[in-house]
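Below you'll find the structure, written out as structure tokens, and then a few comments.
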Amino acid sequence: MCTNFKHQPAKDGTVCVGRTMEFPDVMPWHLGVVGTDEPGRSQASDHAKTWTPKYGVVGMGAFEPYWLADGMNTAGLSGHLLYMPNHATYATANLDGSDIGILEGLAFVLGTCATTEEAEAALATCNFVDFTPKQCPVALPLHMVLHDRNRCIVAEFHPEGMKVLDNPVQVATNAPYLDWHLTNVANYLSLSAENPAPVNIGGTTFAPSGQGQGFRGLPADENSPSRFLRVLADVRFSEQPKDERTALMDTVRILHGFDLVPGTVMEQTPGGLMPLLTMWSTVANLTGRKYLYNTIDDPLWYSIDLDTTDFGKSRLVEFTTDGTFTSISV
């Protein structure tokens, strides 16, 4: 389970992209810093893809710095891998230098592309194969969502091959494919930020019992179609932020509306039945070139300035974490 969205631009031009990661607690998540110091090389086949990175990348990774599930580069392009059970059919290896795994694919695209247009062209050079690192305890049926300041595209892996689609609503969750979610939006056109008007029946007036009834009918469960509609409603009806700080705060508010309470969603894993947890959430400030994160063990948010990050060496970095609620005297 994952939820991804682009907030509407602030009045000062700030553009923020938010994302949650709901997953069993089976991965050793770290910050991944992918530098520009050495060529990228896929491990997906005996003759896999190589590339020369132009942009530094910061993101959420595990096992290796360039195995990323989420990230942002120094050009202001963000990328996000979201779970797609039963809706990710990878290709067989071509052994011609185009083979690449989905985790490596994010490092390739973010390392070489500045815009979604460049990313779309780069994706066309890839043959995404079913490469799951041996360290990873679960399968990786995923799709890739990419945002720049103005556009969002989604790379899906259909039985007939990869499809790269424009995403006009600029929100994403999980299965099924994007075209199904967009069709489903038409079933919820009556949603409104305003309360419905009172209705008179037989001389009696019936009025809303409180504020918020304009959202009656909005699904509240954690299923992917329901979260797609919820986050779309949040983004569509939110006020335009006035500046960078407001945009960041409003993006964080939306994200925390999707935090899972441990035990409320369970998933069968190779290790048995486990709760899905909001392991981490991120905000990619595309215009300010800052990458923010929040983890399950810490209520605080941390901000990484890509302009001052050392991209001379790829590395995994432990999360900065206090792990406690700060006590103050008043």
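Checked against (1) modelled with pLDDT of 95 or more; (2) assigned to a loop (DSSP other than H, G, I, E, B), Gln211 meets all criteria but (1).
Within segment 126-142, the set of residues being closer than 17 Å to Glu156 by Cβ and not in a strand (DSSP E or B) comprises Cys126, Asp130, Ala139, Leu140, Pro141.
Report, by residue number, each residue of segment 170-190 that is of a type outside the set (S, T, N, Q) and either farther than 15 Å from Leu146 by Cα or free of Cβ contacts under 8 Å to residues at least 24 places away in the same chain (or both). I'd like the intermediate steps shown before the answer.
Of all residues in segment 170-190, those of a type outside the set (S, T, N, Q) come to 171-172, 175-182, 185-186, 188-189.
The answer is Ala175, Pro176, Tyr177, Asp179, Trp180, His181, Leu182, Val185, Ala186, Tyr188, Leu189.
Name the residue, out of Ala75, Ala122, Ala93, that is among the hydrophobic types (A, V, I, L, M, F, W, C) and either touching a strand residue (DSSP E or B) at 6+ places or on another chain (Cβ under 8 Å) or closer than 30 Å to Gly272 by Cα (or both). Going through Ala75, Ala122, Ala93 in turn, the sole match is Ala93. Taking residues in segment 121-148 that are more than 19 Å from Ala48 (Cα to Cα), and partners anywhere that are of a type in the set (Phe, Trp, Tyr) and surrounded by fewer than 21 Cβ atoms within 10 Å (Cβ to Cβ), the pairs with Cβ atoms closer than 7 Å and at least 6 places apart or on different chains are Gln135/Phe63.
Which residue out of Thr52, Thr92, Thr115 is in contact with a Ser or Thr (Cβ under 8 Å, 6 or more places away or on another chain) and either of a type outside the set (A, V, I, L, M, F, W, C) or surrounded by fewer than 24 Cβ atoms within 10 Å (Cβ to Cβ) (or both)? Can you show your working first?
Numbers: Thr92 fails: in contact with a Ser or Thr (Cβ under 8 Å, 6 or more places away or on another chain); Thr115 fails: in contact with a Ser or Thr (Cβ under 8 Å, 6 or more places away or on another chain).
Within the list Thr52, Thr92, Thr115, the selection yields Thr52.
Would you tally the residues in segment 12-39 being of a type in the set (D, E, K, R) and in contact with an Asp or Glu (Cβ under 7 Å, 6 or more places away or on another chain)? Write out each step before concluding.
So in segment 12-39, the residues of a type in the set (D, E, K, R) come out as 12, 19, 22, 25, 37-38.
Now drop any that are not in contact with an Asp or Glu (Cβ under 7 Å, 6 or more places away or on another chain), which leaves 12, 19.
Residues flagged as of a type in the set (D, E, K, R) and in contact with an Asp or Glu (Cβ under 7 Å, 6 or more places away or on another chain) within segment 12-39 amount to 2.
Considering the conditions (1) modelled with pLDDT of 95 or more; (2) within 25 Å of the chain's Cα centre (by Cα), Gly202 is excluded by exactly one of them, (2). The residues of segment 60-97 that are among the charged types (D, E, K, R) and in a loop (DSSP other than H, G, I, E, B) amount to a single one, Asp96.
Please determine, by comparing only the residues of segment 1-60 that are polar (S, T, N, Q) and in contact with a strand residue (DSSP E or B) (Cβ under 8 Å, 6 or more places away or on another chain), which one is nearest to Met274 (Cα to Cα). The residue in question is Thr20.
In a residue-by-residue description of segment 255-275, the property of being at pLDDT 95 or above, assigned to a helix (DSSP H, G or I), surrounded by 12 or more Cβ atoms within 10 Å (Cβ to Cβ) and hydrophobic (A, V, I, L, M, F, W, C) applies to at least one position.
Listed here are the residues, each with its yes/no results for (1) at pLDDT 95 or above; (2) under 18 Å from the mean Cα position of the chain (by Cα).
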| site | (1), (2) |
| --- | --- |
| Pro24 | no, yes |
| Gly56 | yes, no |
| Tyr66 | no, yes |
| Tyr83 | yes, yes |
| Ala93 | yes, no |
| Gly105 | yes, yes |
| Phe108 | yes, yes |
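The values are calculated or read from the model by the stated rules, or taken from the named source; none is laboratory data. Since we're looking at a predicted model, the values are computed, not measured. Glycine also receives a Cβ, built like all others from the backbone with ideal geometry; neighbour counts cover every protein chain displayed.
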